Amino acid sequence: MRRTFDDALSWSEAGAKLLLDAVSGWGEEQYLAPCGLPGWTRKHLVAHVAANADALSNLVHWAATGEQTPMYSSPEQRNADIEAGAAKPAAELAGWLSASADRLATGAAALNTEQWNAEVVTAQGRTVPATEIPWMRSREVCVHAVDLAAGVAFADLPTGFLAALADDIVGKRGNAPGLAVVLTATDTGDGWELSGEGQAVTVAGPLAEVAAYLAGRPHSLSSPVPVLPAWL
């Protein structure tokens, strides 16, 4: 694994700043515009990111106290919170986004080494050490900063994050059905392979575009590549 705990902390901070800067000063018109995720406005996306910070704060509390506090009470409640957030006025939604990010950062900063190594359970049911929380947050804020469709691109994200993101996605997509794909980042020399059927499709391009493709987002890779569903 090429990412470190300190890397993830840095990326989560950088991604949160990118996202908060992108929405700074927005009014209703900007928030109600579509985002890059089908069927969602920017309000839906911002509500999702704010709710994610609150959910990860639950895991921070779990690590700090040993009290089991799941990220979400249920998938239904998670979806309901997003819909409720999408109905908030712009100023209220912006306040939630900022306050939830601050609460998460403050709680995480207070954890000691023993607490960071405490086990918690993700929304997908995986048992992980609390040291995974910054990585989970960095994926959310960095990828969704791009999904806002507000001028942030994958090329604006930290290079180390993009490589770690590609590693993470390939690890999860690796056994998915479909054509095999061999990808090479021409600017860094990194490579990844998605297993599949038939002769592998070979694709090369900048790391940012490879990461965007793997994440199921728009990209500029020139070779025909199998379409991947959105990830995260």
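The values are calculated or read from the model by the stated rules, or taken from the named source; none is laboratory data. None of the values given here were measured: they were computed from a predicted structure. As a convention, Cβ positions derive from the backbone with ideal geometry for all residues, glycine included, and neighbour counts pool all protein chains shown.
Tabulated data
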item: Matching helices (runs of 4 or more DSSP H) fully within the range 13-124 where at least 1 residues are of a type in the set (V, I, T), in the same structural domain as D147 (by TED's automatic domain parsing) and in contact (Cβ under 8 Å) with a residue 40 or more places away in the chain; result: 42-65
item: In the range 134-161, residue nearest to H44 (Cα to Cα) [restricted to those that are over 8 Å from the mean Cα position of the chain (by Cα) and acidic (D, E)]; result: D147
item: Set R173, R139: member being of a type outside the set (S, T, N, Q), modelled with pLDDT of 95 or more and closer than 30 Å to V60 by Cα; result: R139
item: Residue within the range 132-153 that is free of Cβ contacts under 8 Å to residues at least 60 places away in the same chain, part of a loop (DSSP other than H, G, I, E, B), among the aliphatic types (A, V, I, L, M) and within 30 Å of D54 (Cβ to Cβ) present; result: yes
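A quick yes/no check of all residues on (1) within 18 Å of the chain's Cα centre (by Cα); (2) more than 15 Å from V120 (Cα to Cα):
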{"site": "Q30", "(1), (2)": "no, yes"}
{"site": "C35", "(1), (2)": "yes, yes"}
{"site": "W40", "(1), (2)": "yes, yes"}
{"site": "K43", "(1), (2)": "yes, yes"}
{"site": "V46", "(1), (2)": "yes, yes"}
{"site": "A50", "(1), (2)": "yes, yes"}
{"site": "A63", "(1), (2)": "no, no"}
{"site": "G66", "(1), (2)": "no, no"}
